[in-house]
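Have a look at the structure below before the remarks.
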Amino acid sequence: MSKLLIEGGHTLSGVINVSGAKNSVVAIIPASILAENNAIIENVPNISDTNDLIDILKLLGVNCEFSDNILKTDTSNIKNMLIPAELSTKLRASYYFMGALLAKYHHAELYYPGGCNIGARPIDIHLKSFEKMGVKITCLDDKYVLDAKHLTGADIELRFPSVGATINIMLAASKADGVTKIRNAAMEPEIVNVAEFLNSMGAKVVGAGTKEIIITGVDKFTNGSVKIIPDRIEAGTYLLAGSLIGKNLTVNNLNPKHLEALISKLQASGVIMDIEDNKITVTSSKKILPINVKTLVYPGFVTDLGQPMQVFLARCNGTSLFEETIYENRMQHIKYLQKMGAKIELNNNIALIKGPCHLHGANVTATDLRAGATLVLAALIAKGITKIDGVKHILRGYDSLPIKLQQVGAKITIIE
Ligand code: UD1
């Protein structure tokens, strides 16, 4: 099992280039099966989630070429098949094959999706929405069979603006009979990226990025292409690294508009940033003030940056309050931050973080993707050496993390 070995205390300077967004590509790869034949997807991050989804495409008979961050697919020989548990449980986003296969074949069979263990993560909103569109769902031993004699448009109000459900409905509705309206839709930038890809293939999706999305089903798709937007979570993680231990660290190839909630919190704390159209340069400051942070749906403070943000709060001069409101089990990393010297009191999903903490290296474990990123940040500022287990979680979502950090001065290596 590989581990990350990090010697803390080295200033980060130079440029880090942000890769394409994990949460976009994991929906766009399943959506590519809708192309008449070919799809070209640019700026694809080289992460294990990408490769796991390509494995599912290959199982379905899709020809895939992935090099230089460009994925080319050819669906000429595609066939509908059961997606087995060993593939679907590798990641959460395997559930996007539900919407995509329903659109293409009116029939999908797959096992319950996997993903980070950060809460119960039910998929009831997806399933109820499919049912409204005429889909009959049977579930036996974690295997789902979704079947629609007639896939029809529907007026769907989400009880919660779920990112996954919004995208899954968009996929299914893109080839359904009639018009689908999604009310209380999620507004994340990745949803806009998926809509852009669907529209490049002839779909009629209007309103993505707002609370109401209208999809008019079409019979036939063409070939399609899209460029994956920059990963705002990866960008935010490196901005936090720069705020903690950077000296003119430039995080390049990002969209500052997608990071407004993080930027405003960092600025309120006293971090100075030079913000340009597609890059932000940041230098750490000792005078950072405590702030309160609560995770919310977009455009609020994104839950995926909540854990990494806690390392920043641990360094602030005073007590900060952090509240996680999206997932019920996203605090498993706290015991490891405490082991490294952070003073954190946890009460359910509210953490009282008493700064400034002086962290020290320790042996810790990444229990999920963003917990892993959090421990990397903590290790970068800790005195001594930190060994992080569970690296596979980090590689699910961060393209070349050790190399990117080495290039700006971090002492970080992967050991077997
Ligand atoms: C996506 C992101 C994830 C991010 C999350 C919230 C991907 C692959 N993952 O996850 O990184 O943290 O959005 O921004 O894009 N819920 C239900 N029933 C459902 C669906 C969701 O109760 O049918 C609940 C979830 O348990 C969770 C909340 O709604 O508490 C948000 O989930 P959702 O927005 O669907 O997140 P994901 O799409 O799984």
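From the alpha carbon centroid of the range 264-295 to that of the range 210-239 is 27 Å. Once divided by 2.2 N^0.38 Å, the Cα radius of gyration of the range 98-160 becomes 1.15.
If packing is taken as the average count of other Cβ atoms within 10 Å, what order do 109-115, 99-105 fall into, highest mean first? Mind dumping the intermediate values first?
On the way: 109-115: 19.9, 99-105: 24.0.
Peptide ranking by packing, descending: 99-105, 109-115.
In this rough spin-label picture, where each label sits 7 Å from Cα along the Cβ direction, the residue 77-residue 360 distance is 6.0 nm.
Taking one quarter of the surface of the C-alpha convex hull of the range 37-120 gives a mean projected area of 5.8 nm².
Amide H contacts under 5 Å for residue 115: 91, 92, restricted to partners 5 or more places along the chain or on a different chain, H placed in the peptide plane at 1.01 Å from N.
Take 328-338, 363-373 and order them by the average number of nearby Cβ atoms within 10 Å per residue, most first; the result is 363-373, 328-338.
Overall, the accessible surface of the chain at a probe of 1.4 angstrom is composed of carbon and sulfur to the extent of 51 percent.
Our summary gives the range 22-227 a relative contact order of 21 percent, counting only alpha carbon pairs under 8 angstrom and 6 or more residues apart.
Relative to the dominant Cα principal axis of the chain, helix 189-200 is inclined by about 30°. A 20 angstrom limit on the alpha carbon distance is what I want to check against. Which of 79/175; 90/211; 90/227; 247/411 exceed it? Where the Cα-Cα span goes over 20 Å, the pairs concerned are 90/211; 90/227.
Taking θ as phi - 60° and the Karplus parameters 6.51, -1.76 and 1.60, the scalar couplings of the range 214-220 work out to 10, 10, 9, x, 10, 6, 10 Hz in sequence order, x denoting glycine and proline. Shape of the range 190-342 from the C-alpha gyration tensor: prolate (a/c of 1.5 or more and a/b above b/c, with a ≥ b ≥ c the square roots of its eigenvalues). The convex hull drawn around the Cα atoms of the range 22-227, when projected onto a plane and averaged over every direction, covers 9.7 nm². In order along the range 353-363, phi translates into HN-Hα couplings of 10, 9, x, x, 8, 10, 7, 10, x, 7, 8 Hz, rounded to whole numbers, per the Karplus curve 6.51 cos²θ - 1.76 cosθ + 1.60 with θ = phi - 60° and x for Gly and Pro.
Explain nothing, just the number: dipole magnitude of the range 327-416 about its Cα centre with +1 on each Lys and Arg Cβ and -1 on each Asp and Glu Cβ, in debye rounded to the nearest 20.
Magnitude of the dipole: close to 200 debye.
When Rg and the Kirkwood radius Rh are both evaluated on Cα atoms of the range 267-308, their ratio Rg/Rh stands at 1.00. Rounded to the nearest whole Hz, the Karplus-based 3J(HN,Hα) values (6.51 cos²θ - 1.76 cosθ + 1.60, θ = phi - 60°) of the range 100-105 follow the sequence 5, 5, 4, 4, 7, 10, with x at glycine and proline. Geometric descriptor of the chain, per residue, is 122 Å³ (volume of the convex hull of the Cα atoms). The distance separating the Cα centre of the range 18-58 from that of the range 71-102 comes to 11 Å. Over the chain, Cα pairs under 8 Å with separation of 6+ residues give a relative contact order of 21 percent. Calculated mean residue ellipticity, 222 nm, the chain: -9000 deg cm²/dmol, from DSSP H runs (n ≥ 4) at -39500 (n - 2.57) each, averaged per residue and rounded to 500. Using the 1.4 Å probe convention, the accessible area of the chain works out to 39 Å² per residue with neighbouring protein chains retained. How far, in degrees from 0 to 90, does helix 260-269 lean away from the longest principal axis of the Cα atoms of the chain, to the nearest 10? So the helix axis and the longest Cα principal axis differ by about 10 degrees.
Around residue 380, with a cut-off of 10 angstrom between Cβ atoms, what is the net charge of the other residues, counting Lys and Arg +1 and Asp and Glu -1?
After counting each charged neighbour, the total is 0.
The values are calculated or read from the model by the stated rules, or taken from the named source; none is laboratory data. The model shown is predicted, which means the values in this text are computed figures rather than measured ones. A quick note on method: Cβ atoms are made from the backbone with ideal geometry, for glycine too, and the neighbour counts reach across all protein chains shown. Side chains included, ligands, DNA and RNA excluded: accessible areas come from the protein's heavy atoms. Shrake-Rupley method; radii C 1.70, N 1.55, O 1.52, S 1.80 Å.
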